[in-house]
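Single-structure report; data block below.
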Amino acid sequence: MIMGEMMSDEIMARRVALELSGDCFVNLGIGMPMLVSNHMGQGKQVMFQAENGILGVGPRAEPGMEDKDLGNAGDEHVTVSAGASFMDSATSFDMIRGGHLDATVLGAFQVSEKGDLANWKLPGRKLGSYGGAMDLAAGARKVVVMMKHVTNDSRPRIVRECSYPLTAKQCVSVIVTDIAVIKVVAEGLELCETAPGWTPAQIQELTEPQLIVRNVSAWPLSVS
Amino acid sequence: MSKVFESCAEAVADIGDGATVMVGGFTGRGTPSQLLLALREKGPKKLTIVRNDASGGWKNPIDVDILIEAGMVKKVITCFAVFGSPKKVSLLERAAMDGIVEVELVPQGTLAERIRAGGAGIGAFYTPVGVGTEAADGKEVRVVGGREMILEHALKADFSLIKAHRADALGNLVYRMSARNFNPIMAMASRTTIAEVENLVDVGGIDPDEVMTPCVFVRRIVPTGKVA
């Protein structure tokens, strides 16, 4: 079957940004989700939280302007926005666990039909890294997963049951991949949007559980 | 007796075999690298280390890796054992695979709260984080307020090695930006807290409104100047 092109990480980040409209306090996971901060539209009053103790993370620091004491949880030199605050790790996770964040964007290895998330350890490995993912998955009011639709060897990452160790059960609200936007609803997974050049049938082909197809639209033009 | 020590070596001189040591910092930020170097030099064995990230691989090359490498560590309690790319095997994972180091993985917020509880005289608490995952293995689960929660116990240590931006001679501490992280809660959770500080000022030189860690929690201070 001839498929469309996979969207770039930047385009995915733009689509994830739309998912956060109306959210005020958002934590971006380490890695790909951090790209999302570059795509929040002007005038949106989003404050980004970094779990190492910053509320109000700004853009990355310009070369030569880095401060050794100012970095995000992924060890990148950042800046802070007006109105930012610093806090210790316990207070930072009070925010997260206490339900004070509107949303988090996390990367994933696998998401199940029920919205289970697996993103901290690969099967067969002795160790992994929880980081703050278990806390964010359990505490944020909305969990947005941003991941490639399939593995490097083209196997589905959206599966009936996660075979990778779980981060949290039934926590994911929406999955933005490089070809689709899929929401976790009561009956299962609903295909909501397709990336340019993709049909629902082609997306189903790369997805293990049966997708609910009711009102599928194309990604907004502003994204791609 | 003065809390101010001339050197990191003197400040860590009584950390012996089998001690439990908390190490502040998050990646390189707020990490007491000079105290870690002095501890490696001193060389106690069979340490239990409590530390946010123990994967190595960050921009600052001096972290708890240097103790693991020196064969001084028996157990590590951490949330971050494998670095960024999941394909890379960290020094800690290698040591765990070889059966040299035992690793207790703890979700980051649970780690922070266990440390805070240790310093606050709380024995244990129930949290929803980790329910239905490996993090809940072997732990009591009960429903509290309609939600499944797991029982987590407080963490305490013999020593905490922390880093602060400013201190007075009594041990009142101020941290700077994101270098605060685990330092204030670790300061509370051990019998002997040793603070590596960038600037030492006279008593009264810090506005009481600005003190982040009150001096009661700090036993020793070593002014080291600004070290990246």
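Observations, loosely collected:
- Rounded to whole numbers, the Karplus 3J(HN,Hα) couplings from phi for the stretch B:146-160 are x, 10, 5, 9, 10, 7, 10, 9, 5, 10, 10, 9, 6, 9, 10 Hz, using 6.51 cos²θ - 1.76 cosθ + 1.60 with θ = phi - 60°, and x at Gly and Pro.
- Values of log10 I(q)/I(0) for the protein assembly as shown across q = 0.12 Å⁻¹ run -1.00, by the Debye formula with one identical scatterer at each alpha carbon and no solvent.
- Rounded to the nearest Hz, the phi-derived 3J(HN,Hα) couplings of the stretch A:83-95 under the Karplus curve 6.51 cos²θ - 1.76 cosθ + 1.60 (θ = phi - 60°) are x, 6, 9, 10, 8, 7, 5, 5, 5, 4, 7, 4, 4, where x marks glycine and proline.
- Spatially proximal aspartates and glutamates relative to B:Lys3 (Cα-Cα < 13 Å; intrachain offsets below 8 disregarded): B:Asp168, B:Glu196, B:Asp202
- Likely footprinting exposure, A:Val159, B:Val76, A:Val105, fewest C-beta neighbours within 10 Å first: A:Val159, B:Val76, A:Val105
- In this structure, the amide hydrogen of A:Ala168, modeled 1.01 Å from its nitrogen in the peptide plane, lies closer than 5 angstrom to those of A:Leu117, counting only residues at least 5 positions away or on a different chain.
- Comparing A:Leu189, A:Leu18, A:Leu55 in a Gaussian network model of chain A, where Cα atoms under 10 Å apart are tied by springs, the biggest mean-square fluctuation is seen for A:Leu18.
- Residue pairs, from the table A:Lys121/B:Lys163; B:Lys139/B:Lys163; A:Lys114/B:Lys75; A:Lys148/B:Lys88; A:Lys44/A:Lys148, whose Cα atoms sit over 29 Å apart: A:Lys121/B:Lys163; B:Lys139/B:Lys163; A:Lys114/B:Lys75
- Rounded to the nearest 20, the size of the Cβ-charge dipole of the protein assembly as shown about its Cα centre is 560 debye, with Lys and Arg at +1 and Asp and Glu at -1.
- Length-normalised contact order for chain B - Cα pairs under 8 Å, 6+ apart - percent: 23
- Amide H contacts of B:Ala157 (H built 1.01 Å from N, under 5 Å, at least 5 apart or other chain): B:Ser190, B:Arg191
- DSSP beta bridge pairing in chain B, given as percent antiparallel to the nearest 5: 30
- Nonlocal amide H pairs with B:Val103, under 5 Å, H built at 1.01 Å: B:Val76
- Backbone HN-Hα couplings from phi across the stretch A:192-204 [Karplus 6.51/-1.76/1.60, Hz, Gly and Pro as x]: 9, 9, 10, 6, x, x, 10, 9, x, 5, 5, 5, 4
- Counting only alpha carbon atoms, the long axis of helix A:9-19 and the longest principal axis of chain A meet at about 80°.
- Pairs of Cα atoms in the stretch A:93-139 fall into 5 Å distance bins, from 0 up to the last occupied one, in shares of 5, 20, 27, 22, 17, 7, 3, 0 percent.
- Taking A:Glu76, A:Glu161, A:Glu62, B:Glu152 and counting other C-beta atoms within 10 Å, the order from fewest to most: A:Glu62, A:Glu161, A:Glu76, B:Glu152
The numbers here are math on the coordinates, done by the rules we state, and not lab data. If you're wondering where the values come from, they're calculated on a predicted model, not measured in any experiment. Glycine gets a Cβ as well: all are built from the backbone with ideal geometry, and neighbour counts include every protein chain shown.
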